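The values are calculated or read from the model by the stated rules, or taken from the named source; none is laboratory data. All values reported here derive from a predicted model rather than from experimental measurement. Glycine gets a Cβ as well: all are built from the backbone with ideal geometry, and neighbour counts include every protein chain shown.
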Amino acid sequence: MNNITSLNPYDNSVLEEFKPLTANEVSKKVKAADIAFQSWKKVSISKRAKLLKKVGDILLENIETYAKTITLEMGKPISESIAEIEKCAWVCDFYAKNAEEFLADEIIETDASESFISYDPLGTVLAVMPWNYPFWQVFRFAVPTVTAGNTALLKHASNVSRCALHIEEVFQKAGYPENVFQTLIISSKQVKSVIENDLVKAISLTGSEKAGASVASIAGQQIKKSVLELGGNNAFIVLKDADIEWAVKTAIRARFQNTGQSCIAAKRFIIEESVYDQFLELFQEKLDNFRSGNPSDQSTNFGVMAREDLAKELDEQVKQSVNKGAKITYGGTREKAYFPPTILENVKPGMPAFDEELFGPVASFIVAKDEQHAFELANQSTFGLGVSIFTKNIQKIKKAIGQFEDGAVFINELVKSDPRLPFGGTKKSGFGRELSREGILEFVNTKTVYIKKT
Ligand code: NAP
């Protein structure tokens, strides 16, 4: 089997080579996860939750090391890597405070003497995770899942294998029983056999539609639950009565943070005709403030894409859109893994820039005739992660919330993840929810208990 290579996308240097586990080694780790589960499920929820405090401490104590690895392996600016680790500590703190309440028995009044719902863990859960937020994506899965009493196996994206090993180390250092959280250094081809292992009870995948469809179909064959967090093509709607300065400021963060490689990034900017020119002009001005360079330098605020092949793919989508009538009016020239902040105007349905997810720093600008047209364009997507709407008329927009088909509606704010709120999509963006109470209840047996006193 070929080694798994971690490359620095900034200069293409080899950071490390990893030897994938053999089939036998993988089986041993799965078995060990199941053995760990048999004791871990008996540990009280309050004890499990207490360990999270330690996880948060270890993340913050080692923040420089972990942030440095994120930046080296996937190219985001170091300041964004630091913020990512801080967010992981936040999710630990949130579930440390709330897990007991979320997982407590729920009394239901029926004709029984006593009836209630209890939430029991399922067993070992496999997580297949992406590289774009190499720590955050894993923590938002692992913290609730493990605190619910499951054990976790992580198959991380190959290009962030050192991050994957750091994460395993965090759980070890925090004092978790052995094998409650393990990283598997394996290729995507090896995932099938892990899902098919009887000791693995459920799967969570964050990634592309292609990977999601493959993993969920294998899980389906095995009658195992899966949660899928896939792509997005979020609309960012600006209505004519919006605070345009605020909308532009937010739009820049919504599209360009993480070098545009976020599932919930705003991708289609749908602007009402009468404020289009004003919005565009201010947007362009703000792009001049980005400083590209070595992502490990504190002064860099715009990174490189995580892999050169991903930048090439984006370039191809932009070119195809231009062939169909879109216009590049800012940026657009790729250099290896570097893709500059780019504006594509005149974007319409039928172009990749409208129909597909552009997973990089390209903003697609679309003119809407009026409010209703803007809402129709927003829903015209195979994805359904989230939508942002900018307007001063909150009462009116609240009445329109039901029209949107997405998993989240944010008004006058970018779509963002927050441990207190559920996160997930509709349509080809996947199914299931992460974070909040909904997230911790994804990998549990919702058990009905009915007692009649005789
Ligand atoms: P990807 O190619 O699907 O990879 C994601 C993970 O799946 C990696 O660990 C990858 O391993 C693995 N994988 C790929 N093909 C597989 C297969 N056939 N069977 C089993 N595992 C497989 O996605 P990506 O390019 O890394 O990430 C970008 C995509 O993720 C975008 O579409 C983005 O929108 C989506 N995403 C969604 C969310 C969300 O919460 N909804 C968050 C972040 C990203 P290897 O690296 O070894 O191939």
Residues (more than 16 Å from the ligand (Cβ to nearest atom), within 30 Å of S161 (Cβ to Cβ), in contact (Cβ under 8 Å) with a residue 60 or more places away in the chain and in contact with a strand residue (DSSP E or B) (Cβ under 9 Å, 6 or more places away or on another chain)) located in the stretch 306-354: P341
Kindly check whether there is at least one residue in the stretch 145-160 that is over 16 Å from the mean Cα position of the chain (by Cα), within 12 Å of the ligand (Cβ to nearest atom), surrounded by fewer than 24 Cβ atoms within 10 Å (Cβ to Cβ) and not in a loop (DSSP other than H, G, I, E, B). yes
When you scan the stretch 274-291, do you find a residue that is in contact (Cβ under 8 Å) with a residue 24 or more places away in the chain, within 16 Å of the ligand (Cβ to nearest atom) and closer than 24 Å to F410 by Cβ, even just one? no
Please work out which residue is nearest to I264 (Cα to Cα), limiting yourself to the stretch 228-241 and to residues that are within 10 Å of the ligand (Cβ to nearest atom) and among the aliphatic types (A, V, I, L, M). L230
Scanning for something of a type in the set (A, V, I, L, M, F, W, C), more than 8 Å from the ligand (Cβ to nearest atom), in contact with a strand residue (DSSP E or B) (Cβ under 7 Å, 6 or more places away or on another chain) and without any contact (Cβ under 8 Å) to a residue 40 or more places away in the chain, does the stretch 209-217 turn up at least one residue? yes
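Yes or no, residue by residue, for (1) near the ligand (Cβ under 10 Å from one of its atoms); (2) farther than 24 Å from G425 by Cα; (3) among the hydrophobic types (A, V, I, L, M, F, W, C):
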site	(1), (2), (3)
V180	no, yes, yes
T183	no, yes, no
K189	yes, yes, no
K224	no, no, no
Test result for S364, of a type outside the set (A, V, I, L, M, F, W, C), at pLDDT 95 or above, in a strand (DSSP E or B) and within 16 Å of the ligand (Cβ to nearest atom): yes
Look at the stretch 373-405 and say how many of its residues are surrounded by 15 or more Cβ atoms within 10 Å (Cβ to Cβ), over 26 Å from E356 (Cβ atoms) and within 25 Å of the chain's Cα centre (by Cα). 0
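Residues in the stretch 423-441: is at least one away from the ligand (no atom under 16 Å from the Cβ), assigned to a strand (DSSP E or B) and not hydroxyl-bearing (S, T, Y)?
no
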The one condition in (1) part of a loop (DSSP other than H, G, I, E, B); (2) without any contact (Cβ under 8 Å) to a residue 12 or more places away in the chain that P295 fails to fulfil: (2)
The residue from D241, D198 that alone is in contact (Cβ under 8 Å) with a residue 12 or more places away in the chain, in a loop (DSSP other than H, G, I, E, B) and over 21 Å from the mean Cα position of the chain (by Cα) is D241
Quick one: K327 ticks every box in (1) in contact with a helix residue (DSSP H, G or I) (Cβ under 6 Å, 6 or more places away or on another chain); (2) within 15 Å of P349 (Cα to Cα) except a single one, so which number is it? (1)
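Specify which of the listed residues (G232, G212) is under 21 Å from Q137 (Cβ atoms) and either touching a helix residue (DSSP H, G or I) at 6+ places or on another chain (Cβ under 7 Å) or assigned to a loop (DSSP other than H, G, I, E, B) (or both).
Residue meeting the stated conditions: G232.
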Say whether the condition of being assigned to a helix (DSSP H, G or I), touching a Phe, Trp or Tyr at 6+ places or on another chain (Cβ under 9 Å) and of a type in the set (D, E, K, R) is met by at least one residue in the stretch 104-124. no
Give the stretch 193-208 a look and list any residue that's surrounded by fewer than 19 Cβ atoms within 10 Å (Cβ to Cβ) and either near the ligand (Cβ under 7 Å from one of its atoms) or closer than 13 Å to A152 by Cα (or both), or say none. L199, S208
Would you pick out the residues in the stretch 401-422 that are outside any strand (DSSP E or B), of a type in the set (A, V, I, L, M, F, W, C) and in contact with a strand residue (DSSP E or B) (Cβ under 8 Å, 6 or more places away or on another chain)? I401, F404, A408, L414, V415
